[in-house]
Amino acid sequence: MRRGLCPHLFRRQPDRARGISVIEGVMGLFDGEDGSAAHLARLLGLPVLLVVDVRSAAQSVAAVVHGFATLDSGVHLAGVVLNRVGSARHRQLIEEALARYCDLPIIGFLPRNQELTIPSRHLGLHMGSEHELALEQLARFMEEHLDLDLLLELACRLTPGREVSRPQAPSGTSVPTGETVRIGVARDEAFCFYYQDNLDMLRSGGGQLVEFSPIHDATLPEELHGLYLGGGYPELFARQLSANKTMRTAIKVFARSGRPVYAECGGFMYLTRSIVCLQHTTDQEGGEYPMVGVFPVTARMQPRLRRLGYRQVVQERPGFFGPAGQKLFGHEFHYSAIDPMPEDVERVYRLEDGRYEGYRIHNTLAGYLHLHWGRTPEAARSFIQACRDLAR
């Protein structure tokens with residue numbers, strides 16, 4: 001997204017006046033370039049709460065904390081949490097070393113507790129609703145072992161250092177003239193990953209978003225002008241998605257009608273001929289499951305990560321996100337791979353690494369890329385206008 005958009009999105013959140021906002025880092029504090037947690041802390045003028053895994057270390061923890069605190073003068077560490085402390089003696093050694101070498105508040109020590117360990121699984125991701133009991137236990141655990149009053153006090157202090165960039169709203173997202181456009185948005189256990197910014201831009205551009213479930217609903221909502229099938233976990237619910245034949249048929253008929261359909265990652269997999277799930281895993285039922293069949297390929301789950309990272313693409317052909325030459329930005333993260341796509345299927349995008357993606361049949365555009373329209377709000381307007389024009 002544009003540099004000025006990030007502060008705008010952060011500061012517009014309605015809950016900021018009632019509590020604290022948490023920006024979760026990815027990997028380590030300084031890992032990555034413009035997307036690192038340290039970069040965001042500098043950009044937004046926010047303090048950092050450092051969480052250190054202290055298992056199998058004692059006095060060396062002070063060296064780690066000291067390094068994080070001094071590596072970048074533009075990043076302000078507000079405090080530290082020590083995780084997986086093994087014993088009272090272990091805690092004492094760490095506490096004494098930090099007091100000697102580091103001038104940083106200790107928010108708390110979290111003892112090892114296997115009962116609160118959430119095991120890793122497919123993609124390493126869990127939805128909060130899946131672990132309501134564990135979340136309650138975690139809350140009690142944190143209340144017992146963290147100084148939450150100190151944490152709140154530190155979070156409310158102004159961060160010293162550089163001035164925060166002035167917020168800038170996305171330009172050109174006002175509602176155009178014309179009839180309201182009804183866009184069906186797949187939303188259930190299998191399809192749960194969307195950039196909220198994209199949905200907001202569609203609404204502000206004149207889109208009425210109508211949610212439906214490819215798992216539970218028998219067919220599509222009525223009078224839709226377009227479809228948006230986001231990311232998620234179709235491989236975890238492949239049997240249920242495949243069993244809902246009436247929905248699969250309705251989506252295929254909709255795609256063949258020529259009305260716009262946009263699908264990304266999990267949504268793309270759902271539009272293939274079938275999904276092949278891994279055998280002998282705790283979260284996938286092995287086997288092959290028929291899907292919608294818009295694209296004549298099979299999506300096959302792989303044991304290892306296939307692609308990960310920020311992406312920039314150029315539209316080689318005009319489409320419902322804009323003219324040829326339009327740049328688009330997004331993120332790619334998937335474990336599946338598709339069979340070779342037939343050459344007669346259009347490729348709309350060209351990625352920076354030379355790959356071609358953004359497959360198009362009829363007016364159905366799909367691929368692995370999760371697009372974010374923060375730098376290109378005109379793409380949201382263009383999609384809405386395409387829905388309006390092609391539904392006539």
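Over the chain, dividing the summed -39,500 (n - 2.57) contributions of all DSSP H runs of at least 4 residues by the number of residues returns a 222 nm mean residue ellipticity of -8000 deg cm²/dmol. Among the protein heavy atoms of region 186-275, carbon and sulfur supply 50% of the accessible surface, probe 1.4 Å, non-protein parts ignored. Against the chain, whose longest principal axis comes from its Cα atoms, helix 132-145 is set at around 20 degrees. Label positions at residue 147 and residue 204, each projected 7 Å from the Cα along the C-beta direction, are separated by 4.1 nm.
Rounded to the nearest 10 degrees, the angle from helix 60-70 to the longest Cα principal axis of the chain is 70 degrees.
The structure-derived value of Rg and Dmax of the Cα atoms in Å appears in the list (1) 30.9, 108; (2) 21.5, 67; (3) 23.8, 74 under the label (3). Using R0 = 25 Å, the C-beta based FRET efficiency linking residue 73 and residue 155 works out to 0.75. Just to confirm the number: angle between the C-alpha axis of helix 245-256 and the first principal axis of the chain, 0 to 90 degrees, nearest 10? The answer is roughly 70 degrees.
Ligands, DNA and RNA are left out, and with a 1.4 angstrom probe the accessible area of the chain is 52 Å² per residue. Largest mean-square fluctuation among 288, 378, 115, in a Gaussian network model of the chain whose springs join Cα atoms under 10 Å apart, belongs to 115.
Label separation (residue 137 vs residue 30): 3.6 nm, computed from points 7 Å beyond Cα along the C-beta direction.
The values are calculated or read from the model by the stated rules, or taken from the named source; none is laboratory data. Everything quoted here is computed from the prediction, not taken from an experiment. Cβ sites come from the backbone with ideal geometry, for glycine too, and all protein chains shown count toward neighbours. Side chains included, ligands, DNA and RNA excluded: accessible areas come from the protein's heavy atoms. Shrake-Rupley method; radii C 1.70, N 1.55, O 1.52, S 1.80 Å.
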